[in-house]
Amino acid sequence: MSSTPPFDRILIANRGEIAVRVIRACREMGIESVAVYSDADERALHTTLADRAVRIGPPPAAESYLSIDAIVSAARQTGATAVHPGYGFLSENADFAAACEKAGLTFIGPPVAAIEGMGSKIAARQTAVKAGVPVVPGETPADQSDQAVAAAASRVGFPVLLKPSEGGGGIGMKTVHDAAVLEAAIAQARREAMAAFGDGTLYVERLIERPRHVEFQVLADHHGQVVHLFERECSIQRRHQKVIEESPSMAVSPKLRQRMGQAAIAVARAARYRNAGTVEFLLEGSGDSARFYFLEMNTRLQVEHPVTEQVTGVDLVRAQIVVAAGQPLPWRQEDLEQRGHAIEVRVYAEDPARQDLPQAGTLLLYREPSMPGIRIDTGITEGAEVAVHYDPMLAKLIATGETRDAARQRALAALHQYPILGIRTNIPLLIQLLEHPRFVAGDVDTGFLDAEGDIIRSGLPSTPPAEALAIAAVARAEGPALAGIRSTGADASGIDPWSSLRGARV
């Protein structure tokens, strides 16, 4: 890749950890960064790190981070020549990409046509079929009446999944095991789809029992080069939202990896894709004999992109920027390889003992672990306010090791040394998951957390030890003066407070 900055100034149309991630990539490349912020984020980390920052509206996302006019205006106001959408918000919005192009801004992502084509689950499925990639048996009835959708479900055969054509994140998705509950499920799926996406179109898909969710990172430039950067295992999910991701997958053999990788490239080529994207598959079985089915394509950078960066050595954000500038990819498929193992866990402001209830408040204490093989991607600092307006993810902890177990052990050690007080977090749940015998053995599927969640949660501590609360109060008052406590470990009583702060609220 050229050492000359491909852009003078990039606006990041996002917030939180992904905005910070892009800002740091810009700084490394000698590119000025422009942050946008709502009133709730006036003092946020991404706002203070960027070279420039522009207010775009009040806290509700619909009036700020989802306002196409406000973001394009901010880019014009600051002289930005390109826009990076991050993930979430407007990252897969074709209208936003088109508005950037109309304003003379380079959209750091795929072409509008690719966003539109792969944003519809129905169109994406048709693209995969044309590319010769297997899809899960299913139907999209032209007649979208409840009766026609019910008839399609009967033809596909129970159990089935009802899925909205638009959107993602599991919104509106319903599992139906028999015809007795089908009518109610259709009505509910359609209501949720209309509320979230403004489109109630449904399609029916056969439910694959105990599948794994395995996705392939792809990169495509403007010169006809398309490569994949191997797989990520994303089967540990809660209500279709990923919680733990890793690479490589325990279920993927070298021959299967080659087949799935070529399928991912075929989908990207068929979609005339450019920039970074992810082709997602359901995997039935494991090893050479496993069957895989195209699920969907995410036309953006993924939350879990760091695990791919850790095992390939490729900076995906940097690659996005240079591809958007029209430069060719610097490697061929045979130049890329996986090295070691990486595991990412998502740290959420949630109370796992209360059905993952989102939390809000002030971070009275926030200290990131610092040790070999640990990377923290975050958009928060100690003293920050966690608002109710946005996704509750606080940070991503990525552990890398020579083997899967080495990465797992590192992740555990780091989580035990990750004190966060003021709000509850899911750190206790993450520790339990990483220690669970099925996870240790790699015996996971997309239903793992639903099946094991209640048992896991029953063993979570409900309150922190008194010693932890006392030290947290003093730490809040005296700040860095107590930093030495972390390095000395257990006190005279034998209690190590820093490894006991499991999502407690002061």
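Below is a table of values for the structure above.
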item	result
Flag if Ala319 is in a strand (DSSP E or B) and either on the phi < 0 side of the Ramachandran plot or not aliphatic (A, V, I, L, M) (or both)	no
Residue that is surrounded by 21 or more Cβ atoms within 10 Å (Cβ to Cβ), of a type in the set (S, T, N, Q) and closer than 30 Å to Glu452 by Cβ, where the choices are Gln320, Gln310	Gln310
Lone qualifier among Leu295, Leu282 - being under 20 Å from Gln241 (Cβ atoms) and modelled with pLDDT under 95	Leu295
Counted residues, region 39-59 - those being touching a helix residue (DSSP H, G or I) at 6+ places or on another chain (Cβ under 9 Å) and not in a helix (DSSP H, G or I)	11
Matching entry among Ala80, Ala74, Ala97 (being touching a Leu at 6+ places or on another chain (Cβ under 9 Å) and under 17 Å from Arg274 (Cβ atoms))	Ala97
Candidate set: region 123-144, residues that are modelled with pLDDT under 90 and surrounded by fewer than 17 Cβ atoms within 10 Å (Cβ to Cβ); chosen: the one farthest from the chain's Cα centre (by Cα)	Ala142
Residue within region 330-350 that is under 17 Å from Pro392 (Cβ atoms), assigned to a loop (DSSP other than H, G, I, E, B) and more than 18 Å from the chain's Cα centre (by Cα) present	no
From the options Gly198, Gly170, residue that is at pLDDT below 95, touching a Lys or Arg at 6+ places or on another chain (Cβ under 7 Å) and surrounded by fewer than 21 Cβ atoms within 10 Å (Cβ to Cβ)	Gly170
Criterion: surrounded by fewer than 19 Cβ atoms within 10 Å (Cβ to Cβ) and at pLDDT 95 or above - qualifying residue of His222, His228	His222
Criterion violated by Arg272 - all others in (1) touching an Asp or Glu at 6+ places or on another chain (Cβ under 7 Å); (2) surrounded by fewer than 22 Cβ atoms within 10 Å (Cβ to Cβ) satisfied	(1)
Enumeration of residues in region 43-100 that are closer than 13 Å to Ile10 by Cβ, without any contact (Cβ under 8 Å) to a residue 40 or more places away in the chain and either of a type in the set (Gly, Ala, Ser) or out of contact with any strand residue (DSSP E or B) (no Cβ under 8 Å at 6 or more places or on another chain) (or both)	Ala50
Answer from Ala53, Ala97, Ala19 - the residue that is among the hydrophobic types (A, V, I, L, M, F, W, C) and more than 19 Å from Ala319 (Cβ to Cβ)	Ala53
Elements of type strands (runs of 3 or more DSSP E) in region 215-315, at least 3 residues being farther than 21 Å from Gly119 by Cβ and out of contact with any Gly (no Cβ under 7 Å at 6 or more places or on another chain)	226-238, 241-247
Residue pairs meeting the criteria (Cβ under 7 Å; at least 6 apart or on separate chains; first surrounded by fewer than 17 Cβ atoms within 10 Å (Cβ to Cβ), in region 369-395; second aromatic (Phe, Trp, Tyr))	Thr381/Tyr366
Selection within region 365-380 - farther than 16 Å from Val311 by Cβ and touching a Gly at 6+ places or on another chain (Cβ under 9 Å)	Leu365, Tyr366, Thr378, Gly379, Ile380
Subset of region 411-429 that is assigned to a helix (DSSP H, G or I) and touching a residue at least 60 places away in the same chain (Cβ under 8 Å) - its residue that is nearest to Ile343 (Cα to Cα)	Ala411
In region 33-43, the residues that are more than 13 Å from Ile321 (Cα to Cα) and either of a type in the set (Val, Ile, Thr) or surrounded by 18 or more Cβ atoms within 10 Å (Cβ to Cβ) (or both)	Val34, Ala35, Val36, Tyr37, Ser38, Ala40, Asp41
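Yes/no per residue for (1) modelled with pLDDT of 95 or more; (2) crowded, with 19+ Cβ neighbours inside 10 Å:
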residue: Ser2; (1), (2): no, no
residue: Pro6; (1), (2): no, yes
residue: Glu17; (1), (2): yes, yes
residue: Arg24; (1), (2): yes, no
residue: Ile31; (1), (2): yes, yes
residue: Leu45; (1), (2): yes, yes
residue: Ala50; (1), (2): yes, yes
residue: Asp69; (1), (2): yes, no
residue: Ala80; (1), (2): yes, yes
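One line per residue, one yes/no per condition, for (1) modelled with pLDDT of 95 or more; (2) more than 28 Å from Glu280 (Cβ to Cβ); (3) more than 22 Å from the chain's Cα centre (by Cα):
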{"position": "Asp377", "(1), (2), (3)": "yes, no, no"}
{"position": "Asp391", "(1), (2), (3)": "no, no, no"}
{"position": "Ala399", "(1), (2), (3)": "yes, no, no"}
{"position": "Ala407", "(1), (2), (3)": "yes, no, no"}
{"position": "Tyr418", "(1), (2), (3)": "yes, yes, no"}
{"position": "Pro461", "(1), (2), (3)": "no, yes, yes"}
{"position": "Pro465", "(1), (2), (3)": "no, yes, yes"}
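The values are calculated or read from the model by the stated rules, or taken from the named source; none is laboratory data. The shown structure was predicted, so the numbers you read here are calculated from the model rather than taken from an experiment. Every residue, glycine as well, gets a Cβ built from its backbone with ideal geometry; the counts of neighbours run over all protein chains shown.
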